[in-house]
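Trainee: Structure provided below as structure tokens; questions to follow.
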Amino acid sequence: MRNRDALREYVTGSLWVLPGISAVLAVLAGFILSHIPVGPGSPLAFRGTADDARTLLNNVTSTVVTVIALVLGLTVVALQLSSTQFSPRLLRSFLRDRPTQVVLSTFVATFAYSAAGLYTVGLYAGERTEEFPRLAVSGALLLLFASLAMVVYFADHLAHSIQIDAIGKLVELDTLATMNGRVGRIEDLDSTPPEWAVPLLAPVSGYVQSAYPELLLPVACEHRVHVRLAVWVGDHIVSGTVLAWMWTANRGEPTPDPVAFQRALMGSVQVGFERTLQQDAALGIRQLVDMGCKALSPAVNDPYTAVQAIDHLSVIFCALAVRPLGDDVAADPAGRGVVVVPGRRFGDYLATTCGLLRRYGCAEPSVSLALLGLLDKCTAVLADDPVRWAAVGEQTDLIRADATREIAQSADLEPVVTAAADLQRRVARHIAWAVSPEELG
């Protein structure tokens with residue numbers, strides 16, 4: 001499972017895989033079409049001579065090479081723009097862009113098909129011949145028109161894909177997909193390692209990209225131990241530092257060899273050089289936060305872009321507010337072993353979002369109001385969970401305090417203070433109701 005998910009993540013995030021497959025399929029299609037006999041009078045047959053066919057294939061090959069260079073150049077420009085204008089963490093989203101991969105695959109397939117045709121069309125045993133696969137040459141013409149259509153489509157797609165709304169929506173959808181996948185759901189688990197816990201060290205450095213506790217559970221049951229990762233998915237680890245803790249139910253019971261157990265641990269934990277969206281919903285949130293912070297920097301000074309980023313974050317947080325968040329746990333029903341992958345809670349996600357944007361945008365009333373709007377939308381769907389309501393109240397206080405300190409004009413500050421006060425009263429009421437609902441009726 002871990003290897004399959006890692007391979008899927010690599011394939012979808014690589015710009016060469018789909019074009020490489022298309023080139024092989026194009027050559028295979030050309031080989032098949034060249035063995036289908038079609039007479040010169042057929043409507044599907046190329047009507048010219050063998051020399052005409054070779055000239056056509058030559059022109060198609062040279063033209064497509066130029067177009068491929070143009071597409072790659074425009075793609076690099078888009079990558080550079082997204083990196084400098086929005087966030088360097090958005091590069092992977094552009095590499096995963098399926099339309100770009102399809103367009104490039106069409107060009108590569110056309111080139112491979114036409115170049116392979118030059119190997120045989122008009123030649124036989126090293127000599128010129130007038131016999132050639134007319135249907136296969138017609139296929140080159142079809143691919144040429146397909147490539148022409150892709151040029152127009154790519155220009156339109158590129159112009160739309162670098163717009164802030166399109167980028168924000170893409171990140172929003174990717175993050176929601178990650179949240180609907182494998183994210184921990186057990187919030188009230190107390191699995192603090194005891195004093196006799198044994199550390200399991202990380203053999204490599206990198207980011208924890210994914211973790212599958214069920215893969216480690218059979219080994220944990222065999223040795224009757226509890227295992228808990230020391231980091232969240234998405235955190236960075238250094239070789240030789242603690243990756244997980246292992247302990248027995250009672251002090252003094254024998255524990256397995258940590259070195260041998262580390263090998264089993266790394267079979268269930270994927271560590272790579274970069275963060276991915278396999279199980280790391282916080283990465284998508286971080287991308288949108290980065291977009292907002294970049295827009296608020298003195299070099300850009302575009303607070304409305306920050307507000308747009310917060311709008312997309314509101315969609316994500318309303319989805320987070322109504323679902324359980326916590327640890328990913330694999331446990332043996334007989335109690336022989338437990339494996340815990342710690343997960344972020346609602347308050348952790350909220351602090352990640354509001355913290356940076358609040359500090360960078362506290363002097364801009366529209367940003368403070370947008371953050372309070374995000375919290376207000378969360379309260380509209382939030383269940384009666386005092387912990388989550390307390391997290392909303394904490395962030396509300398911080399936003400109001402920072403805005404009060406940085407906004408000098410009372411007319412600009414008053415809407416922020418009013419919105420924060422209204423939200424704080426609602427938070428206080430819900431917390432009080434959750435603690436003693438009988439008193440409030």
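The values are calculated or read from the model by the stated rules, or taken from the named source; none is laboratory data. Note that the coordinates shown come from a computational prediction; the quantities given were computed from them, not determined experimentally. Here the Cβ is made from the backbone with ideal geometry for all residues, glycine too, and neighbour counts use every protein chain on show. All accessible areas refer to the heavy atoms of the entire protein, side chains included, with ligands and DNA or RNA removed. Shrake-Rupley method; radii C 1.70, N 1.55, O 1.52, S 1.80 Å.
Trainee: Could you go through the range 195-207 and let me know if any residue there is open to solvent by 30 Å² or more (accessible area, probe 1.4 Å), of a type in the set (Asp, Glu) and within 30 Å of Pro88 (Cα to Cα).
Mentor: no
Trainee: Could you check how many residues of the range 208-232 are touching a Lys or Arg at 6+ places or on another chain (Cβ under 9 Å), open to solvent by less than 20 Å² (accessible area, probe 1.4 Å) and either free of Cβ contacts under 8 Å to residues at least 40 places away in the same chain or not in a strand (DSSP E or B) (or both)?
Mentor: 3
Trainee: Still on this structure, I have one more. Taking the options Ala331, Ala306, Ala321, name whichever one is within 19 Å of Gly168 (Cβ to Cβ) and crowded, with 18+ Cβ neighbours inside 10 Å.
Mentor: Ala306
Trainee: Additional query: Determine whether the range 271-281 contains at least one residue that is of a type in the set (Val, Ile, Thr), open to solvent by less than 40 Å² (accessible area, probe 1.4 Å) and either in contact (Cβ under 8 Å) with a residue 60 or more places away in the chain or out of contact with any Gly (no Cβ under 8 Å at 6 or more places or on another chain) (or both).
Mentor: Applying the first criterion (of a type in the set (Val, Ile, Thr)) to the range 271-281 yields 271, 276.
Going one step further and asking which of them are open to solvent by less than 40 Å² (accessible area, probe 1.4 Å), we end up with 271, 276.
Right, trim to either in contact (Cβ under 8 Å) with a residue 60 or more places away in the chain or out of contact with any Gly (no Cβ under 8 Å at 6 or more places or on another chain) (or both) and you get 271, 276.
Yes, some residue in the range 271-281 is of a type in the set (Val, Ile, Thr), open to solvent by less than 40 Å² (accessible area, probe 1.4 Å) and either in contact (Cβ under 8 Å) with a residue 60 or more places away in the chain or out of contact with any Gly (no Cβ under 8 Å at 6 or more places or on another chain) (or both).
Trainee: Then there's this: Which residue pairs have Cβ atoms under 9 Å apart, sit 6 or more places apart or on different chains, and have a first residue in the range 1-21 that is in a helix (DSSP H, G or I) and a second that is open to solvent by 50 Å² or more (accessible area, probe 1.4 Å) and at pLDDT 85 or above?
Mentor: Once the first residue is in a helix (DSSP H, G or I) and sits in the range 1-21, its partners that are open to solvent by 50 Å² or more (accessible area, probe 1.4 Å) and at pLDDT 85 or above give Arg2/Leu215; Val11/Leu18; Thr12/Arg98; Leu18/Arg98; Leu18/Val102.
Trainee: Here's something else I'd like to know. For Leu104, state whether it is open to solvent by less than 40 Å² (accessible area, probe 1.4 Å), over 22 Å from His160 (Cβ atoms), part of a helix (DSSP H, G or I) and at pLDDT 90 or above.
Mentor: no
Trainee: Can you give me the number of residues within the range 233-270 that are in a strand (DSSP E or B) and under 30 Å from Arg89 (Cα atoms)?
Mentor: The qualifying residues number 7.
Trainee: Given the conditions (1) open to solvent by 30 Å² or more (accessible area, probe 1.4 Å); (2) of a type outside the set (A, V, I, L, M); (3) closer than 15 Å to Leu57 by Cβ; (4) out of contact with any Pro (no Cβ under 7 Å at 6 or more places or on another chain), which single one is not true for Gly139?
Mentor: Among (1) open to solvent by 30 Å² or more (accessible area, probe 1.4 Å); (2) of a type outside the set (A, V, I, L, M); (3) closer than 15 Å to Leu57 by Cβ; (4) out of contact with any Pro (no Cβ under 7 Å at 6 or more places or on another chain), the lone unmet condition for Gly139 is (1).
Trainee: Of the conditions (1) under 30 Å from Thr175 (Cβ atoms); (2) buried (at least 18 other Cβ atoms within 10 Å of the Cβ); (3) touching a helix residue (DSSP H, G or I) at 6+ places or on another chain (Cβ under 7 Å), Ala109 clears all except one; give me its number.
Mentor: That leaves (1) as the condition not met.
Trainee: Then there's this: Among helices (runs of 4 or more DSSP H) lying entirely in the range 337-441, which contain 2 or more residues that are modelled with pLDDT of 90 or more, in contact with a Cys (Cβ under 9 Å, 6 or more places away or on another chain) and farther than 28 Å from Asn301 by Cα?
Mentor: Here the list reads 365-381.
Trainee: Checking the structure you have, find out if any residue of the range 118-127 is of a type in the set (D, E, K, R), at pLDDT below 90 and under 27 Å from Pro43 (Cβ atoms).
Mentor: Taking every residue of the range 118-127 in turn, none turns out to be of a type in the set (D, E, K, R), at pLDDT below 90 and under 27 Å from Pro43 (Cβ atoms).
Trainee: Within the range 284-303, restricting attention to residues that are touching a residue at least 40 places away in the same chain (Cβ under 8 Å) and open to solvent by 10 Å² or more (accessible area, probe 1.4 Å), which residue is nearest to Pro88 (Cα to Cα)?
Mentor: Here the residue is Asp290.
Trainee: Okay, moving on. I'd like the residue in the range 374-398 that is surrounded by fewer than 17 Cβ atoms within 10 Å (Cβ to Cβ) and among the small types (Gly, Ala, Ser) and, out of all such residues, is farthest from Ala421 (Cα to Cα).
Mentor: The residue in question is Ala383.
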